[in-house]
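Some notes on the structure that comes next.
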Amino acid sequence: MYIDLRSDTVTKPTAEMRKAMFEAEVGDDVMRDDPTVIRLEETAAEILGKEAALYVSSGTLGNQIAIQTLTRPGDEIILEQESHIYLYEGAGHAVYAGVNTKTLPGVRGAMNPEDVQSAIRTANIHHPRTGLICVENTHNKAGGTILPLEHLAAVSQIAKDHGIPVHMDGARLFNAVVGSGHKASAFTQYVDTVQVCFSKGLGAPVGSVLAGSRETIEQARYIRKRMGGGMRQAGVIAAPALIALTKMVDRLAEDHANAKLLANGLAEIKGLQMDVSSVDTNIVIVNVANSGLSELEVVSRLKDAGVLCGDFGPELVRFVTHKDVTTEQIHEALVKIRRVVQGAA
């Protein structure tokens, strides 16, 4: 039996979610008469402080629909250089939206507002038009970090000054909500669209939601259909997503506590470099450069020992806590990690 810390995407639906799937009232979502999907979209829009929302099958699809909705081919989008949209979505922005990218370095996932200002293109027939600014909250590659409200406010003001929309990849937005104590709308007030995932820490088996203005979401619905993302009796998967949204947010605090516990334990293991203060939510990234093992060797040996994790770039290993890993298992994982690392010394 593995202790699976590869990602919070490995969570299994709860018994309540499975029951809700079985009993879900359904219709045809493309024809806009699936009552469970409608209820999910309306609830999500209200919580996220937006006029409307659209249920989609994945976070990547939600992000890519947003980019297509808010830009036109030949535009340039500004985003952080290690953002999920840039690194992990198969260059969908180029394939589907036909947009160029301007990537900026970030500190804990946050681009410097001055850099954002400088990156906006001036009116010049030789240049692409700056069509969109993207932010990610929490920021996966930076270790689940929370973008500060003041940062979002600054980026939002720059965007407004230039008439440029802002999209938030908020796949783990509710980790930011629980980690900061702010409401979701406190973050989303600064963006035109936001995508939130139900199948990570919230534990649902499938789906994300894209929220924004009514006009934007109407166009997004058209693009979803064009991309083959229209779903029929989708209430069977929207039902557990609705439970995730309304009942699974507060328990994310348990994942955050377990991540801190794990980070503190890793910091005490000789050969590992762990900045405990960098852990905002449920993602823990540790540097294994001084362990005598590569990141791939650490991942492989830990798998043999019964702990699953992921390599996250040169010398880095990522652990992600979630609802299906208990505090007792975190203690057990630390024992096994210590044995693997000390055995290589």
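The values are calculated or read from the model by the stated rules, or taken from the named source; none is laboratory data. No experiment lies behind these values; they were computed from the predicted model shown. Every residue, glycine among them, receives a Cβ derived from its backbone with ideal geometry; neighbour counts consider all protein chains shown. Quick note on the areas: whole protein, heavy atoms, side chains included, nothing else; ligands and nucleic acids left out. Shrake-Rupley method; radii C 1.70, N 1.55, O 1.52, S 1.80 Å.
Points to keep in mind about this one:
- Within the stretch 281-303, the residues that satisfy the criterion of being open to solvent by less than 20 Å² (accessible area, probe 1.4 Å) and either in contact (Cβ under 8 Å) with a residue 60 or more places away in the chain or in contact with a Pro (Cβ under 7 Å, 6 or more places away or on another chain) (or both) are T281, N282, I283, V284.
- In the condition set (1) farther than 18 Å from R339 by Cβ; (2) exposed (fewer than 15 other Cβ atoms within 10 Å of the Cβ); (3) more than 19 Å from the chain's Cα centre (by Cα); (4) touching a residue at least 24 places away in the same chain (Cβ under 8 Å), V236 is compliant with all but (2).
Condition check ((1) under 27 Å from F312 (Cβ atoms); (2) assigned to a strand (DSSP E or B); (3) β-branched (V, I, T)) across all residues:
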| position | (1), (2), (3) |
| --- | --- |
| S118 | no, no, no |
| V135 | yes, yes, yes |
| G143 | yes, no, no |
| A153 | no, no, no |
| A159 | no, no, no |
| A171 | yes, no, no |
| G179 | yes, no, no |
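- Of the set (1) open to solvent by less than 40 Å² (accessible area, probe 1.4 Å); (2) within 30 Å of C309 (Cβ to Cβ); (3) not small (G, A, S), all apply to I158 but (2).
- Per the conditions (1) touching a residue at least 40 places away in the same chain (Cβ under 8 Å); (2) within 17 Å of the chain's Cα centre (by Cα), the sole criterion not satisfied by I120 is (2).
- Matching helices (runs of 4 or more DSSP H) fully within the stretch 207-269 where at least 3 residues are within 26 Å of E25 (Cβ to Cβ): 214-226, 235-247
- A search for C-beta distances below 6 Å between a residue of the stretch 252-280 that is free of Cβ contacts under 8 Å to residues at least 60 places away in the same chain and closer than 20 Å to S291 by Cβ and any residue that is hydrophobic (A, V, I, L, M, F, W, C) and in a loop (DSSP other than H, G, I, E, B), counting only pairs 6+ apart in sequence or on different chains, returns A263/M274; A263/V279; A267/M274.
- Taking the criterion of being more than 24 Å from I283 (Cβ to Cβ), part of a strand (DSSP E or B) and not polar (S, T, N, Q), the residues of the stretch 121-133 that qualify are G131, L132.
- Of the residues making up the stretch 239-260, none is among the hydroxyl-bearing types (S, T, Y), crowded, with 20+ Cβ neighbours inside 10 Å and under 26 Å from P13 (Cα atoms).
- The stretch 1-20, subset outside any loop (DSSP other than H, G, I, E, B), in contact with a helix residue (DSSP H, G or I) (Cβ under 9 Å, 6 or more places away or on another chain) and open to solvent by less than 80 Å² (accessible area, probe 1.4 Å), residue nearest to G201 (Cα to Cα): D8
- Close pairs from the stretch 92-114: first in contact (Cβ under 8 Å) with a residue 24 or more places away in the chain and more than 18 Å from N63 (Cα to Cα), partner hydroxyl-bearing (S, T, Y) and not in a helix (DSSP H, G or I), Cβ under 6 Å, at least 6 apart: R108/T145
- If you check E76, E89 for being in contact (Cβ under 8 Å) with a residue 24 or more places away in the chain, farther than 15 Å from A241 by Cβ and touching a strand residue (DSSP E or B) at 6+ places or on another chain (Cβ under 6 Å), only one passes: E76.
- Some residue of the stretch 74-83 being under 20 Å from the mean Cα position of the chain (by Cα), crowded, with 20+ Cβ neighbours inside 10 Å and closer than 20 Å to V209 by Cβ: yes
- Scanning the stretch 43-59 for residues that are surrounded by fewer than 17 Cβ atoms within 10 Å (Cβ to Cβ), in a helix (DSSP H, G or I) and in contact (Cβ under 8 Å) with a residue 12 or more places away in the chain yields a total of 1.
- Hits in the stretch 160-177 (condition: under 14 Å from the mean Cα position of the chain (by Cα) and of a type in the set (A, V, I, L, M, F, W, C)): M168, A171, L173, F174, A176, V177
- Subset of the stretch 94-110 (residues that are over 17 Å from the mean Cα position of the chain (by Cα) and either buried (at least 16 other Cβ atoms within 10 Å of the Cβ) or closer than 27 Å to I125 by Cα (or both)): A94, V95, Y96, A97, G98, V99, N100, T101, K102, T103, L104, P105
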